[in-house]
1. Test residue A:147 against the criterion of being touching a residue at least 24 places away in the same chain (Cβ under 8 Å), under 20 Å from the mean Cα position of the chain (by Cα) and more than 13 Å from chain B (Cβ to nearest Cβ), and give yes or no.
2. When segment A:263-282 is examined, which residues are found to be under 20 Å from the mean Cα position of the chain (by Cα) and surrounded by 12 or more Cβ atoms within 10 Å (Cβ to Cβ)?
3. Can you work out which of the residues in segment A:203-215 that are outside any loop (DSSP other than H, G, I, E, B) and more than 8 Å from chain B (Cβ to nearest Cβ) is nearest to the chain's Cα centre (by Cα)?
4. Residues being farther than 17 Å from residue B:258 by Cα and assigned to a helix (DSSP H, G or I): count how many of those fall in segment A:136-154.
5. Condition first: touching a residue at least 60 places away in the same chain (Cβ under 8 Å) and in a helix (DSSP H, G or I). Now tell me which residues in segment A:241-263 satisfy that.
6. Residues B:129, B:170, B:119: which one is touching a residue at least 24 places away in the same chain (Cβ under 8 Å), on the phi < 0 side of the Ramachandran plot and facing chain A (nearest Cβ under 9 Å)?
7. For residue A:75, state whether it is within 14 Å of chain B (Cβ to nearest Cβ), surrounded by 14 or more Cβ atoms within 10 Å (Cβ to Cβ) and closer than 27 Å to residue A:277 by Cβ.
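Only the coordinates and a few stated rules stand behind these numbers; no lab work does. Bear in mind that the values here come from a model prediction, so they are computed numbers and not experimental data. FYI the Cβ positions are ideal-geometry reconstructions off the backbone, even for glycines, and counts take in every protein chain you see.
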């Protein structure tokens, strides 16, 4: 759980005893204010000043979301090929595997949340900005197909810069593939909850992230299709600060609710129960 | 067919003034065409046209992205960059086609969906996503043809189909080569280099399983002989549409899902 993670943080920063101690700081990308890093980490990476919900790794997210020891991972070893022979693509991924411990940008599997079984997927923005290529597309598609076959609900935590450029048109096609799998799951009566986390953009916004029966967002996270700089370049003017934040998308009608991290697990559990998933045999 | 051109040479052809647009093709391929307007929610996006007409006497629904033939036309159709209401109009007409058992023919020709404030506010991501999901299970045949530029999710939103054909010099890509160079190398001027490594040509689409067929262009490009290129497109449609209409719809839907399902390269 999170305790291990905090130990690592503490060790790292209390290391050199001889050096003058300066508490490490966190600068919030939303309000630009500084707060102590330890406070930010204690709050599970929520800015104490403005409530911006920062990025979590897939394993940190699972740890605060699903019941202890309940997660069974699908396709843990699936690795990307190089469909358009993009220079240095495979090498880049080897390095990322070492630094992140992930094989690609999404982790999928089954778990229980306060006893309700669910198929869950969590994207991790540390791996090539959570971009969707063949592996992300295939794992998400398989997760939905498994849920359809077993009459299970799906929860997806999205975090992505969009399609993975290095896979060219093949990455674009993953949008159609995943959306098709979501549709078949929906036609079969399955519940799909999306949780939009920082950042959810591009081809992921324009596919499975926008197709949930219920769409939740964390406070102050970035949600959009086109990147901010691209839009500013097109319209030749500065965009307002709150543009494409969760609250903006909520106001425009594309997000059902904004839920704080500390209430996410209980909210998801209630929604699963409201749809009867706590009583379904799997 | 010309000898093989590079991706960059073809890209120049696609941007040649006078390259035929969907509005040039419609009167030469279809009869009794009636344009239908609006998404019934917000407005009518001129970057996507839709309507009904006949192909060889058979009623069909036609949807396509509209490029202008001059600056005024381009301003009116926003340089073929649709807003959400364009995609919602497309979906409305696709659903209408399903109701009346008409096949759908989509013409793709866009640099991408429009990147602007209004598009984001009205949910461009949701509009594209919805089309991907709904077209996948639309209970009527869908054929898509890439005419010139097939850029990004904005193109794919008309590209979930049973068979995809692409004109010989057209391109289909995850992002324009310019955008690609700008994102990956922070240098938009390396657009030519990007175009050559992105695998965006018609033949690339066939080898990657994205397109089923390449439609041959007249010597020098489609703009050199509008009648000929229209004839080639019509010949393709006249063969494909009856073939797809004869199929059992559940078989067709399974094949459509599988077509996209199997695209991707990974090691288990």
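1. yes
2. Of everything in segment A:263-282, those that are under 20 Å from the mean Cα position of the chain (by Cα) and surrounded by 12 or more Cβ atoms within 10 Å (Cβ to Cβ) turn out to be A:264, A:265, A:266, A:267, A:268, A:269, A:271, A:272.
3. Residue satisfying both the conditions and the ranking: A:204.
4. The qualifying residues number 2.
5. Listed by number, the residues that qualify are A:261, A:262.
6. B:119
7. yes
Residue by residue, here is whether (1) touching a residue at least 60 places away in the same chain (Cβ under 8 Å); (2) outside any loop (DSSP other than H, G, I, E, B) holds:
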residue	(1), (2)
B:11	yes, yes
B:23	no, yes
B:27	no, yes
B:43	no, no
B:60	yes, yes
B:64	yes, yes
B:67	yes, no
